[in-house]
1. What number of residues in the range 443-471 are under 23 Å from the mean Cα position of the chain (by Cα) and open to solvent by 60 Å² or more (accessible area, probe 1.4 Å)?
2. Quick check on the range 507-519: of everything there that is touching an Asp or Glu at 6+ places or on another chain (Cβ under 9 Å) and more than 17 Å from Thr435 (Cβ to Cβ), which residue is surrounded by the most Cβ atoms within 10 Å (Cβ to Cβ)?
3. If Lys309 satisfies all but one of (1) assigned by TED's automatic domain parsing to the domain that holds Pro118; (2) without any contact (Cβ under 8 Å) to a residue 12 or more places away in the chain, what's the number of the condition it fails?
4. Report the residue count in the range 616-627 for those that are at pLDDT below 90 and within 56 Å of the chain's Cα centre (by Cα).
5. Checking the conditions here, which among Leu125, Leu90, Leu130, Leu100 is in a helix (DSSP H, G or I), farther than 30 Å from Gly358 by Cβ and touching a residue at least 12 places away in the same chain (Cβ under 8 Å)?
6. Can you name the residue in the range 230-253 that is aliphatic (A, V, I, L, M) and surrounded by fewer than 22 Cβ atoms within 10 Å (Cβ to Cβ) and is also farthest from Leu178 (Cα to Cα) among such residues?
7. Which numbered condition in (1) out of contact with any Cys (no Cβ under 8 Å at 6 or more places or on another chain); (2) at negative phi is the only one that Pro118 fails?
8. How many residues, within the range 384-409, are in contact with a Lys or Arg (Cβ under 9 Å, 6 or more places away or on another chain) and open to solvent by 50 Å² or more (accessible area, probe 1.4 Å)?
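The values are calculated or read from the model by the stated rules, or taken from the named source; none is laboratory data. Just so you know, these numbers come straight off a predicted model, no measurement behind them. All Cβ positions, glycine included, derive from the backbone under ideal geometry; neighbour counts span all protein chains shown. Surface accessibility is based on the protein's heavy atoms, side chains included, excluding ligands, DNA and RNA. Shrake-Rupley method; radii C 1.70, N 1.55, O 1.52, S 1.80 Å.
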Amino acid sequence: MKISYHWLKEYVAFQLSPQELADELTSVGLVVADIKPVEDDFCLDIEVTSNRPDCLGIIGIAREVAAIAGGSVHFPETNFVTADTSISPLITVTVEEPILCPCYSARVIRHITVAPSPEWMQKRLQCIGLRPVNNIVDITNYVMMETGQPLHAFDLDKITAHKILVRRAMSGEEIVALNGARRALFHDMLVIADGKKPVAIAGVMGGKETEVSEVTRNILLECAQFEPRQVRRTSRALGIASDSSYRFERGTDYDGIDRVSQRASRLIKDCSGGEIANGAIHITSGRHETKKITLRMEWLHKVLGTEIKSDRVLDILKKLSFKILNDTENFIDVEVPSFRSDVCREIDLIEEVARIYGYNKMPIKTSISIRGHTKNRYEIVEDHVRQFLIGLGFYEVKTFSIVDASPLQSINLWLDRTGIEIVNPLRQEESRLRTSLLPSLINVKLYNLNHGTEQIKIFEIAKVYLAGNKLPLEKNCLSLLSDADFLTLKGVFEALLRNLGVVSLCEWIPFNESRLFRDGRAARIQMGNDLVGYFGEASQELGFKEILCLVEIDLDVLVEKVNFAKKYLDLPQYPAVFRDLALLVNEEVTWSSLEKCIIGTRVDFLKELKFFDVYRGKQIPAGKKSVAFGLCFQTKDRTLTGEEVDDAQQMIVDTLNRTLGAELRKAVTV
């Protein structure tokens, strides 16, 4: 927002130099980025935040200066004499979309003379970087920069049937904007149309066909309010931006529209010699309620950390145009002016008082009362998991909790619970809460594959949502996806368990109940009676040519079993004895059942058990397989004898034979 130093002085009296003015405005939140001399004036470039549309006009800046430097704001004259001719037979206005256009005001000014604008007006516009065009266009720009409210002037004689219709664009309509850009319009865009075609893009830019030129004699002056989000969407979609759209996107003052229209009409009459038709067309969609806020003095002092006298608080609020409804020793009732859309709560009023009073006057405390937060067990485990997987080359992803109702997203691995449908979804294609993280990871994989990244390793730590008895059940899950085979990712998971100090034995139970996984290449992970998760290679139905492995873990169960306690042991002083066994077992016997059986023998000096091979060959009978594994025997206090190891080995073999029907194929002593 660029303003003229001398133009500003016309609305508020102050004795500050341009640099002092810049410093004061910066201190109250209106940062002055640059001061540039322009002939006998200065141009101040002010960074106005998006929540302060009232400061996108020089009068808005004048209010701030009045609060800073004292004095009051002098508003420009808006009175004028109208002609006897009524506006009613000259133009008709209909607003079909009152939500998108809450207020529309129109005036007719006839018998004007289009000529260059006065020199003083041209200098002010040039000072802030605007190019003078003619007196009518310059006045609409001048009043916009003065008040922050955009206006537009149409050549009345070029409006078909002297009819204005505020409506949505029709399919196939086009418009040539004032900047010469031809654009196709769409139904979600709001336009100003005459009896035949669109003549302006509402809130963005007028049309070329109805622009004011040297031959214009009669004009229609438009001053309106448009829905900010609608203007922003239209401006972005068409690739057309203007000073008007910049202001409409941030919101304009509903109650100030008629006053701005009167101000522009007065200047046009003075500068063009025209006559203003009697009356104005003013269409509104309803009454806007004024906002009323109670400011508690005790709370103001507590928030700011200092006591400010109530008289000073009242003075600040009055200078900022807040209306005082009631004031006592303990509180102040305030009515918020219509142009301050950013002030809605008590804390907003406290901020207004603080910035005008001066942040530099606030006491500085050397001690800051910050209460430290110790991470809970879940957060600690989550951090460990994240750092471990990142160290192995995995990338963390974050996906949306709300998903569509496609068959893939409807997969629920946690079979004892159903999913949750959203009663009023914002979008029909996003109508339910996810019951698994894996479908979203699969979509991430597909996206990367389509963009040329074939190999990825990703994980996500997030919640899934399942139906509960009264309230939804939120389950914290860890899911992994990797271009690796079953055993490789199984090794990653087992290494993660060791890193977390989980000593509970995992049982890998074959699992063929989900279309996510390949038959025979998936498992359900159990730790005792607890279901930890699911693990397997992706189903070929998902369309991946290469092997892809998927894991989903119930992180809440895992957190309960984590043990970060470190126990240091002496290095073994006595040698270990290693035995490799190859057992002939039935095809359906799993390694987890063998492992569980061996550990169940409770051999005191069995230190380690390690699987290393499965063999199926011609020498192996049909329906059988050979499972090879290694045993490590060792004690802390002595060297084991061969007889002791032989007895322990035989006990293990006998137990496996008795329990699982295993037969010894080969034993090797190392």
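1. 3
2. My answer is Arg518.
3. Condition (1) is where Lys309 drops out.
4. Count: 1.
5. Working: Leu90 fails: in a helix (DSSP H, G or I); Leu130 fails: in a helix (DSSP H, G or I); Leu100 fails: in a helix (DSSP H, G or I).
Checking each option against the conditions leaves just Leu125.
6. Taking the range 230-253 first, the residues aliphatic (A, V, I, L, M) are 231, 237-238, 240-241.
In the following step, the residues that additionally are surrounded by fewer than 22 Cβ atoms within 10 Å (Cβ to Cβ) were identified as 237-238, 240-241.
Working: Ala237: 17, Leu238: 13, Ile240: 10, Ala241: 12 Å.
Top of the filtered list is Ala237.
7. (1)
8. The number of residues fulfilling the criteria is 8.
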